[in-house]
Amino acid sequence: PTPTRHAPEVYIVCRAPAAAAVVASQLETLAALAKSSRSPPPTLHLVAEGEAPPAGCATDVIDASLEVHVLLKGLIDLSREVARLQKEAAAVEGRLAKLQAKMAMPEYATKCKPQQQQEDAAKAQGCEGELAAIGRAIAQFEAAA
């Protein structure tokens, strides 16, 4: 017999109010786009400001202000998901270290255009936000395991 397929529970965290408004207005479209022919359409939830998705979710960090969580507790090996997130964190840490090394160079302030310095600072801040979100996701999986 074929296993019963369950509709995935998807939680979207938006820390930017403008993005949250767009996502909220497009939940039905997002659910239709996310539907697989092999499973029922997902149930999408927009996580309110100050709230957190439930423990046991796989997390994809889009950027510092947007995360997508899919409830997988009981469906996957949580330790493998922690390992995947740790690998993702290592990649982000590598990008951040490279950027910080570039910004720490003595000639950076004088030779780099102000616009580039602002872009680099924003990229560094984005990496730090991603690392924080990945850290939260790892902590959730470890607590749920």
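The values are calculated or read from the model by the stated rules, or taken from the named source; none is laboratory data. Keep in mind it's a predicted model, so treat the numbers as computed, not measured. Here the Cβ is made from the backbone with ideal geometry for all residues, glycine too, and neighbour counts use every protein chain on show. Surface areas here come from the heavy atoms of the whole protein model, side chains and all, with no ligands, DNA or RNA. Shrake-Rupley method; radii C 1.70, N 1.55, O 1.52, S 1.80 Å.
So, in region 89-143, how many residues would count as being closer than 18 Å to Ile62 by Cβ and polar (S, T, N, Q)? Of the residues in region 89-143, 2 are closer than 18 Å to Ile62 by Cβ and polar (S, T, N, Q). Out of everything in region 97-120 that is surrounded by 13 or more Cβ atoms within 10 Å (Cβ to Cβ), assigned to a helix (DSSP H, G or I) and among the hydrophobic types (A, V, I, L, M, F, W, C), what residue ends up being nearest to the chain's Cα centre (by Cα)? Step by step, filter region 97-120, then rank; the result is Leu99. From the list Gly94, Gly50, Gly56, which residue is open to solvent by less than 50 Å² (accessible area, probe 1.4 Å), small (Gly, Ala, Ser) and closer than 15 Å to Arg136 by Cα? Result: Gly56 is the single residue among Gly94, Gly50, Gly56 that is open to solvent by less than 50 Å² (accessible area, probe 1.4 Å), small (Gly, Ala, Ser) and closer than 15 Å to Arg136 by Cα. When you check Val22 against the structure, is it surrounded by 14 or more Cβ atoms within 10 Å (Cβ to Cβ), of a type in the set (A, V, I, L, M, F, W, C) and farther than 18 Å from Gln125 by Cα, yes or no? No, not satisfied.
Check whether at least one residue in region 63-80 is assigned to a helix (DSSP H, G or I) and open to solvent by 50 Å² or more (accessible area, probe 1.4 Å), and report yes or no.
Pass one, region 63-80, residues assigned to a helix (DSSP H, G or I): 78-80.
When the remaining residues are screened for being open to solvent by 50 Å² or more (accessible area, probe 1.4 Å), the result is 79-80.
Scanning region 63-80, I find at least one residue that is assigned to a helix (DSSP H, G or I) and open to solvent by 50 Å² or more (accessible area, probe 1.4 Å), so the answer is yes.
Residues that are exposed (fewer than 13 other Cβ atoms within 10 Å of the Cβ) and either at pLDDT below 85 or closer than 16 Å to His69 by Cα (or both) within region 121-134 comprise just one, Ala132.
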